[in-house]
Amino acid sequence: MVINLDNVFGIHTQALTLYAQRSSVLAANIANADTPNYKARDIDFKGILSSAAEKQSSASKMAATQPGHIGFSSTSAKVERFYRQPDQPSLDGNTVEMQKEQAAFTDNTMRYMATLRFITGKVQGMMLALKGE
Amino acid sequence: MSLLGNFDIAGSALSAQSIRLNTVASNLANAETVSSTAEGTYRARQPEFETVFNDSLHNRQNMGVRVRQVLESTAAPTQQYHPEHPMADDKGYIYLPNVNAIEEMANMMSASRSYQSNVEVMNTSKQLLMRTLSLGQ
């Protein structure tokens, strides 16, 4: 059996990067909660992750066969951001709804931690297999 | 790592909110400052926030906030007839600042709530980074 070390962590590495990026977007929303005309934004997490998963599983991967080739990494998938639709728009043009942003930030944090846990599990499993005790 | 950028974002918000708290303190401190002329009266100050775009990082993703300028309220100062007052002008009027204490208190609470939220963001980001650093252990 051959273990491909590149694929040990699977989709989790990409998910981790994406969660970190989303936390930045949400932090910017929270920071700009009092800025006039600021429009709250978010990233389409599901869309990006599913496209990343598709890329990872598809057989038609681009191969870097020459030293000059640029690798086609799925982590560099373009992160699409969209504007939130506010439930209660405020008079100064700001669309940040603090409670929503805080809920989203906490949710994102928990998901990040869960992904970290998965990766830790993989590492531990691999260590166990290597030691063979 | 974009988690490190969270500290810049939340940090910029902390300094902006503390400037806002500062103007509230200044307004409340000067709420009763009497003057003999309408022009020389203290005027309520309000900071104006704006978003900072950081173009160098991930096409305008890293966005903090800063105070663009501190505006003075244009509302007219309160005129009161107090001929016995030592600061009264020839006609016996004194001028009080256009500071609305209730407005300032509400502003203060809003600023401190926003400050707290940003501190929370920093704490959470720190925890996530620490967990990431101890990955696989």
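Between B:ASN100 and B:PHE7, what length in nm is gained on full extension when 0.36 nm per residue of separation is reduced by their alpha carbon distance?
Gain on extension, B:ASN100 to B:PHE7, equals 30.0 nm.
Between the beta carbons of A:ASN7 and B:GLU48, assuming R0 = 45 Å, the FRET efficiency works out to 0.30 to the nearest 0.05. Inter-label distance, A:ALA53 to B:THR33: 6.2 nm, where each label sits 7 Å from its Cα along the C-beta direction. Against chain B, whose longest principal axis is taken from its Cα atoms, helix B:101-133 shows a tilt of about 10°. Between B:GLN17, B:GLN79, B:GLN46, the Gaussian network model of chain B with springs among Cα atoms under 10 angstrom shows the greatest mean-square fluctuation at B:GLN79. Extension gain for the segment B:HIS85 to B:ARG68, taken as residue separation times 0.36 nm less the Cα-Cα distance, is 2.2 nm to one decimal. Derived scalar couplings between HN and Hα for the range B:72-81 equal 9, 5, 9, 4, 6, x, 6, 9, 10, 8 Hz in order, rounded to whole Hz, by the Karplus curve 6.51 cos²θ - 1.76 cosθ + 1.60 (θ = phi - 60°), x for Gly and Pro. Kirkwood analysis of chain B, using all unique Cα-Cα pairs, places the hydrodynamic radius at 17.8 Å. For a quick check, take a GNM of chain B with Cα springs below 10 Å and name the residue from B:GLU84, B:GLU72, B:GLU50 with the largest mean-square fluctuation. Greatest mean-square fluctuation among the candidates belongs to B:GLU84.
Grab the other residues whose beta carbon is less than 11 angstrom from that of A:ASN108, score K and R as +1, D and E as -1, and report the net.
Numbers: positive: A:ARG22, A:ARG111; negative: A:ASP42, A:GLU101, A:ASP107.
Net local charge, A:ASN108 excluded: -1.
Counting only alpha carbon atoms, the long axis of helix B:2-29 and the longest principal axis of chain B meet at about 10°.
No value in this document is a laboratory result; all are computed from the given coordinates. Note that the structure is predicted; figures quoted are calculated from it, not measured. Cβ coordinates were reconstructed from backbone atoms using ideal geometry, including for glycine residues, and neighbour counts include every protein chain displayed.
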